[in-house]
Amino acid sequence: MATSIIGFFGTGFVSLGYSVLFKPIASELGLSRAVASMASSIQSVGQGIWAPTGGWASDRYGPRRVMLLGIFCLALGCIMMNFISSLWAFLVAWGLVIGAGFSLGCTIITDKAIINWFVKRSGIAINTKFAIQSLSGLLLLPLIAWLITTQGWRVTCIIAGVVIAVVSFPLVWFFVKPHPPEYYGFLPDGATIKGEAVGANQIIDKGANHASKAEVVGFTLRQTMKTPAYWLIISLGYISGLVMPVMGVHCIPFLTDMGINPVKAAAMMGLITTVGVPARLVIGFIIDRVKTGHLRFIMVVGYLMQAIGVTTFLVSKSTAMIYVWFLLAGIGGAVSFGVQLPMFARYFGRKAYGSILGSWQMMNVPIGLVAPIYVGWVYDTTGSYMSIFGLLAPLLAVSGVVACFILPPKPPAQISDVPRIV
């Protein structure tokens with residue numbers, strides 16, 4: 001629950017809130033949409049730079065200390081936004097500082113904290129977190145839009161920084177455990193240790209045996225990077241790389257360009273995350289009850305739903321069809337992405353989970369850097385997002401095809417000791 005609440009505020013302001021901040025900041029600083037999109041691109045770079053180190057540190061030392069550092073950077077970056085008056089200051093505050101804070105405080109490290117405690121129930125555990133934080137689209141995004149409209153974006157950023165710090169620091173300190181349950185005499189999934197276990201090493205071994213009964217083997221990072229599954233999952237980020245900047249950065253600018261007021265546009269964008277709440281819970285329940293080899297087919301369904309959604313809008317280009325698009329995008333996105341993180345856990349285990357996710361995020365830096373700027377450049381040169389929307393459907397359909405081939409990896413030839421991560 002603690003990681004869910006932290007993600008609620010972090011995702012609501014950073015991932016979703018930037019779409020509301022986009023036009024006011026670009027207007028005040030005199031930036032084109034391509035240039036304003038650079039902040040999102042630099043943020044992806046900042047996340048990619050810090051993710052491998054943060055992931056390794058969470059595996060080696062536990063997630064608590066890493067998350068505390070991340071929350072500090074996130075709150076600091078939000079407050080710094082009040083003082084920016086130039087492009088470079090904007091890129092430093094939103095791109096680098098907030099990017100580092102979001103990466104270390106709200107994303108892969110929180111997922112590592114959850115996976116430490118769940119093996120057989122990793123699907124519902126991870127997706128419950130995402131379901132709760134997805135409520136930020138319904139509850140937080142309209143509030144951010146209202147604050148920007150009434151108080152201005154600078155004051156809104158200060159409020160966000162203070163709220164994130166006040167709420168998140170106590171949650172991390174008191175509720176995020178620095179080690180897996182074996183260190184406290186427990187097993188994952190709430191299981192109890194049967195028989196005698198003398199010493200930490202024997203308790204850790206019992207945890208590894210518990211995971212092996214669920215056919216989950218702990219890969220090291222190097223072993224993971226030698227599997228086709230790892231690289232196929234990364235390829236999905238490149239093939240469908242335009243989806244995130246369209247839905248996360250340029251969504252509200254697109255809606256307000258159609259004459260929709262910012263608060264209503266924020267509520268419409270919130271539909272994407274709101275419908276994902278029940279979808280996340282359902283998909284988490286299903287994931288824990290299907291064979292590991294069938295997870296990829298669930299992912300295929302998610303990508304195809306998103307492709308159908310954007311195609312529906314392109315056929316009529318009406319406001320009514322935007323709701324259909326966002327509905328299918330929200331459910332389909334929840335399904336496809338809701339499978340990915342549990343898939344990493346089921347395919348590669350929890351031993352090096354933080355390091356694996358960190359390397360995955362780093363590998364996605366190039367597409368995260370280029371895609372938002374490209375979408376903004378297309379708008380600046382054509383005056384419309386329609387040509388970008390036309391690319392989304394085929395790219396999402398291809399992503400569904402690629403997902404079919406993400407087979408579970410064979411267990412490594414040599415199972416290393418539990419403390420070995422890399």
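Can you confirm whether Ala125 is in contact (Cβ under 8 Å) with a residue 24 or more places away in the chain, closer than 19 Å to Ser168 by Cβ and small (Gly, Ala, Ser)? So Ala125 fails the test.
Candidates Ser40, Ser32: the one that is touching an Asp or Glu at 6+ places or on another chain (Cβ under 6 Å) and either under 21 Å from Pro262 (Cβ atoms) or modelled with pLDDT of 85 or more (or both) is Ser32.
For the residues Gly95, Gly10, the requirement of being assigned to a helix (DSSP H, G or I), at pLDDT below 85 and touching a Phe, Trp or Tyr at 6+ places or on another chain (Cβ under 8 Å) singles out Gly10. Would you confirm, using the coordinates I've provided, whether Ala371 is closer than 12 Å to Ile239 by Cβ, among the aliphatic types (A, V, I, L, M) and touching a Leu at 6+ places or on another chain (Cβ under 7 Å)? Against the criterion (closer than 12 Å to Ile239 by Cβ, among the aliphatic types (A, V, I, L, M) and touching a Leu at 6+ places or on another chain (Cβ under 7 Å)), Ala371 qualifies.
Only residues that are part of a helix (DSSP H, G or I), surrounded by fewer than 19 Cβ atoms within 10 Å (Cβ to Cβ) and in contact (Cβ under 8 Å) with a residue 24 or more places away in the chain were counted across segment 80-92, and they come to 2.
Elements of the type helices (runs of 4 or more DSSP H) sitting completely within segment 318-422 and holding at least 2 residues that are touching a helix residue (DSSP H, G or I) at 6+ places or on another chain (Cβ under 7 Å) and closer than 24 Å to Cys106 by Cα: these cover 319-348, 353-363, 365-382. Within the option set Gly332, Gly349, Gly383, Gly338, being modelled with pLDDT of 90 or more and either of a type in the set (Gly, Ala, Ser) or more than 25 Å from the chain's Cα centre (by Cα) (or both) holds for one residue only, Gly332.
The values are calculated or read from the model by the stated rules, or taken from the named source; none is laboratory data. Computed from a predicted model, the values in this text were never measured in an experiment. Cβ: placed from backbone, ideal geometry, glycine included. Neighbour counts: every protein chain shown.
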